[in-house]
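Here the structure is laid out as structure tokens; the discussion comes afterwards.
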Amino acid sequence: MAITHITVRGARQHNLRNVNVSIPRNTLTVVTGLSGSGKSSLAFDTIYAEGQRRYVETLSAYARQFLDQMERPDVDAIDGLSPAISIEQKTTSRSPRSTVGTITEIYDYLRLLYASVGQPHCPNCHRPISRQSADQIVERIVALAPGERITIYAPIVRGRKGEFREELESLDKQGFRARIDGEVTELTEGLRLEKRKNHTIEAIVDRIILKPGPDGRPDTRRLETSVTKALQMANGLVLIGIQGADRQQDETLYSSSMACPDCGINVPRLEPRSFSFNSTYGACPECHGLGSIYDFDPAKTITDWSKPLLDGAMGPGSGSAYLLRLIKLAAEKYKINIKVPFEQLTPEQQNLFLYGPPRTEAARTGFHGIFAYLRSNLEESKSEGYREYMMQYMSATPCPACKGQRLRPESLAVTIPVSEASLSIADFTGLSLERSLKAARTMHFAGRDRIIADRLQREIIERLEFLNAVGLGYLSLARSAATLSGGEGQRIRLATQIGSRLRGVLYVLDEPSIGLHQRDNQRLIAALENLRDLGNTVLVVEHDEDTIRKADYVLDLGPGAGKNGGHLIADGTPEQIMANPASVTGQYLAGKIDIVTRPTPEKAPRPLTGNWITVEGARSHNLRNLTVHFPLGVMTVVTGVSGSGKSTLVNDILYRTLARHLYGSREEPGEHTAVRGIDQLDKVIQIDQSPIGRTPRSNPATYTGVFTAMRDLFAMLPESRERGYKPGRFSFNVQGGRCEACQGEGQRRIEMNFLPDVYVLCDVCNGRRYNQETLAVRFNGYSIADLLDLAIEDALPILKDIPSVNVRLQTLVDVGLGYIHLGQSATTLSGGEAQRMKLARELSKRQTGRTLYLLDEPTTGLHFDDVRKLLEVLHRLTDLGNSIIIIEHNLDIIRNADYVLDLGPEGGEGGGSIVAHGTPEQVATVAGSYTGEFLARYYQQNPTAAFAQRNGVSHAGPQMFSVTTPADRKKDASGKFVAPEKKTGVPVASRRKPQEGQPTREKKSASGKAESGKVKKARKQA
């Protein structure tokens, strides 16, 4: 009988309370519940972890020591488990060499396609390159080197790993010498190369000096014989070394397969590695395949362009007398006036100082440019501090050789026919995935090429279809993996898994809908259903309403979070969940709880204050020269389909410009004309879901500043004062009061060979972190360890008499974090919990009413009920006079906004414009807005063009020109520092008599010590 369910019995991992659950196989099952209720503990830390552990256990003990060992989850039994694959948010590579193409393996198929059927062209004249015969090669050599010493090499092996015994023995038998890895080597019996290193072996076929024949022309018979022999030995390749007058050897690679008849450029035989930017055979030699060069930036290195070069214009290097002398010599030689402001010099003169004169002329003055001098200093320096200082004057700029395309010119010149044009591999990967799918379908080949390309073309098309199916059509294959969001990386892995066509697998996904607009959500759900229909079990941790409604089976955990969660509240179909009154999720799905929480009459949007901050001429990435007005004093939501330009506008341009202006940040904002209205703000705060601390020693008490007040309180207790305890005594991070056995961690790690490390409670302090002397000091019967072990809501009444502590703890309870322990490790908090903790800390501060808060998708990882609590916090911040800008797709957040900016209409190339603006109700009337289309469900209006206007004002397209933002005051330029005058002369004693009643200075004895009154009296009497 087939196994129909995955059965979990007695799951107690983290906060799970002996959970028993039965999940039907081959279904789409959603695990939902409040943030911190135990969803990830069940799906990832129990079910997936056990699946991985069982796989690892099948390996040998030797192999297991090289893997990350997984501890057996705390569960009685799991039956019916399939091989498990996890698709999480944090698994995307952050290497600058990883791209969307390499992650999805599409680039590997493209490399093979271009190497097999690509048409090479000359990088100079762009003519197609054809085969070159031995006679043509000889003609070119003769034209280049009459009377010169010529060496003919046969490149047997080029950059491959191995010992190559047979090749070396064969050369030895034939009597050839060889050049191995650049060094001429005598071939002896038993010569061995290192097996794991790349080697290049070139047989030295002949050495010739061309002499004129009887007719006066060079005799080429011996050369022809040698070239033919080399071509036979090296499969159509011959390397010619010509020794010039300077005794240096110039080497040229000729190929009997491909060469340009006009320019004489030879292209080696095309291989897949010729198109790899991670291989020396394909990567651009200038940037080594990165596409950009990290070099000194003129905008940063010249700190003040309005001053002369040697009088305040230059930043780094201005303190070097040697460099300043070289600059003066160069200025004299090239007749440049360096006493005028640097900006008044011509671009040629500026470049001469920055990049140096041509190489041929540099030797005369010894000046190679300011950047060359700074580069050499940076390379030679061993000081980390100096390197960090210099790095702030550098920027990543597109490589001047490959223009950011990463490959050699020879590789970029290879094309394949697409529709009516021909595209290089860089052109193809630069297209959006939507356009590259159309291009892949229109590739046309003939004859032999069609047979070779057919299978490769089908694989590329299939994988591109999957990426478009999960809503990623706005990305390109060349997009760096380091720039992808967590949701994008997860959907790329999902598309890769769909393409692998595995069956009978358990897939565990962590909120794949993150960063996805409602329009594209249906595509994602269809992709998940496709995985299920292949015969797999798909287990998704998710809060998205549409995903829950489309699930075959739902598990709802709760009823609360942390210690109040860990129970299975309801399970069954979505309809059964909605019918269960115990399920909070079901109540929201059934519409019995409303999530709109605006604290205004009839929950209407707040009226606009008339104050704005304006971004003018935003043109970074795909933004189309936008002028955008953000209202101040209200809650604004920026929305739009994925890839429409929201993050570029808010994070890259607005936040970086404000941070630069208000805090002196060095981060470069995106390309724009100006940001106006900054004077209306005094702070800008970006609140994301990053952890509040990266070590287990960080906790809510230390993050909110409560721990300092608690330690001060304990230090003031009578018992502490008797013993001489200071506040540091009550810290578990320093010696004195902490338990030294575990160094204040409360647990100890025991290393186990071939098994995962085991963490056990410290046997000295039993996990309490402090020594017995510190624990003896108590406040209201609680030691410092007891208080840290309490939940925030339980600690509040004990510490209510300390005003600073009371305010902060009460705010944490108000935002729904009362269940978290004061001393709970920061690494165990979810992203939603960390974000609400940051918001609570801001709420507890004294407000100026001039703060701008920026949030990027704050609903990530939040349940409907958590979203409601988050909204209450955001509304409280707004009511205090602050301004909030949120990037969001969640319709509940959008409905709570006072003002909405909708970007689009599409993602990537089709985005970057304002589609709609106004209140949520007004945006719902705009026919061309995808966001408005989904909002219209809630306002029961038909989103047609007839409703696009209200009160005589259109809410479609760009914002009104009538919006005015006050110009910011210009900052006064800091004047030149003038040193105070030095006082000169000899100090003279004052001749004034002291006034009556004024104490006189005590006379000093010969020893220099002041004399007391008794001593003076005794002296007088004497």
Exercise. Within the range 474-499, track down each residue that is open to solvent by 10 Å² or more (accessible area, probe 1.4 Å), at pLDDT 85 or above and not hydroxyl-bearing (S, T, Y).
Key: A478, R479
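Could you please let me know if P700 is open to solvent by 50 Å² or more (accessible area, probe 1.4 Å), under 30 Å from L809 (Cα atoms), within 28 Å of the chain's Cα centre (by Cα) and in contact (Cβ under 8 Å) with a residue 24 or more places away in the chain?
For P700, the condition - open to solvent by 50 Å² or more (accessible area, probe 1.4 Å), under 30 Å from L809 (Cα atoms), within 28 Å of the chain's Cα centre (by Cα) and in contact (Cβ under 8 Å) with a residue 24 or more places away in the chain - is not met.
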Quiz prompt | Hey, A134 open to solvent by 20 Å² or more (accessible area, probe 1.4 Å), among the aliphatic types (A, V, I, L, M), free of Cβ contacts under 8 Å to residues at least 12 places away in the same chain and more than 30 Å from R54 (Cα to Cα) or not | solution = no
Quiz item: Just checking, which of L494, L516 is in a helix (DSSP H, G or I) and more than 21 Å from T4 (Cβ to Cβ)?
Solution: L494
Exercise. Identify all residues within the range 592-631 that are within 25 Å of G908 (Cβ to Cβ), in contact (Cβ under 8 Å) with a residue 24 or more places away in the chain and either buried (at least 22 other Cβ atoms within 10 Å of the Cβ) or touching a strand residue (DSSP E or B) at 6+ places or on another chain (Cβ under 7 Å) (or both); write none if there are none.
Key: V615, E616, G617, A618, L623, R624, L626, T627, V628, H629, F630
Practice problem: Quickly run through the range 670-697 and pick out the residues that are within 30 Å of G912 (Cβ to Cβ), open to solvent by 50 Å² or more (accessible area, probe 1.4 Å) and either part of a loop (DSSP other than H, G, I, E, B) or of a type in the set (A, V, I, L, M, F, W, C) (or both). | Solution: E671, T673, D688
Practice problem: Could you give me the residue pairs with C-beta distances under 7 Å whose first residue belongs to the range 42-60 and is in contact (Cβ under 8 Å) with a residue 40 or more places away in the chain, whose second residue is open to solvent by 50 Å² or more (accessible area, probe 1.4 Å) wherever it lies, and which are 6+ apart or on separate chains? | Solution: G51/P83
Exercise. Answer yes or no as to whether L237 is closer than 21 Å to L171 by Cα, touching a strand residue (DSSP E or B) at 6+ places or on another chain (Cβ under 8 Å) and open to solvent by less than 100 Å² (accessible area, probe 1.4 Å).
Key: yes
Quiz prompt | Qualifying positions in the range 788-815 - touching a residue at least 60 places away in the same chain (Cβ under 8 Å), surrounded by 20 or more Cβ atoms within 10 Å (Cβ to Cβ) and under 38 Å from the mean Cα position of the chain (by Cα) | solution = L788, I792, V805, R808, L809, L812
Practice problem: Return the total of residues in the range 455-466 being modelled with pLDDT of 90 or more and open to solvent by less than 70 Å² (accessible area, probe 1.4 Å). | Solution: 8
Self-check item: Yes/no for L589 being surrounded by 19 or more Cβ atoms within 10 Å (Cβ to Cβ), touching a Gly at 6+ places or on another chain (Cβ under 8 Å) and either among the basic types (K, R) or over 23 Å from G831 (Cα atoms) (or both)
Solution: no
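To keep it simple, each residue is scored yes or no on (1) within 29 Å of the chain's Cα centre (by Cα); (2) surrounded by fewer than 18 Cβ atoms within 10 Å (Cβ to Cβ).
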| position | (1), (2) |
| --- | --- |
| A2 | no, yes |
| H5 | no, yes |
| N18 | no, yes |
| V21 | no, no |
| T32 | yes, no |
| G36 | yes, no |
| S41 | yes, no |
| Y48 | yes, no |
Quiz item: Has the range 639-650 got at least one residue that is open to solvent by 30 Å² or more (accessible area, probe 1.4 Å) and out of contact with any helix residue (DSSP H, G or I) (no Cβ under 8 Å at 6 or more places or on another chain)?
Solution: yes
Quiz item: Mind checking which pairs have a first residue in the range 332-355 that is closer than 19 Å to P316 by Cβ and a second that is open to solvent by 40 Å² or more (accessible area, probe 1.4 Å) and assigned to a helix (DSSP H, G or I), Cβ under 9 Å, 6 or more apart or different chains?
Solution: I338/L310; I338/D311; I338/K328; Q350/E343
Quiz item: of a type in the set (K, R) and at pLDDT 90 or above - does that describe any residue in the range 890-906?
Solution: yes
Quiz item: When you scan the range 403-444, how many residues do you find that are under 18 Å from P272 (Cβ atoms), open to solvent by less than 30 Å² (accessible area, probe 1.4 Å) and either touching a Cys at 6+ places or on another chain (Cβ under 6 Å) or outside any helix (DSSP H, G or I) (or both)?
Solution: 8
Quiz prompt | Elements of type helices (runs of 4 or more DSSP H) contained in the range 732-824, each with 1 or more residues being closer than 17 Å to G705 by Cα | solution = 784-788, 792-798, 803-814
Exercise. Could you tell me which residue of the range 199-229 is modelled with the lowest pLDDT, considering only residues that are β-branched (V, I, T) and part of a strand (DSSP E or B)?
Key: I209
Quiz item: Looking at this structure, is P358 at pLDDT below 80, within 39 Å of the chain's Cα centre (by Cα) and more than 12 Å from L326 (Cα to Cα)?
Solution: yes
Quiz item: Counting only residues that are open to solvent by 60 Å² or more (accessible area, probe 1.4 Å) and in contact with a helix residue (DSSP H, G or I) (Cβ under 8 Å, 6 or more places away or on another chain), how many does the range 319-332 have?
Solution: 2
Quiz item: Can you tell me which of E745, E667 is farther than 17 Å from Q772 by Cβ and exposed (fewer than 14 other Cβ atoms within 10 Å of the Cβ)?
Solution: E667
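The values are calculated or read from the model by the stated rules, or taken from the named source; none is laboratory data. Not measured: the values here are computed from a predicted model. Virtual Cβ from ideal backbone geometry, glycine too; neighbours counted across all protein chains shown. Note: areas computed on protein heavy atoms with side chains; ligands, DNA, RNA excluded. Shrake-Rupley method; radii C 1.70, N 1.55, O 1.52, S 1.80 Å.
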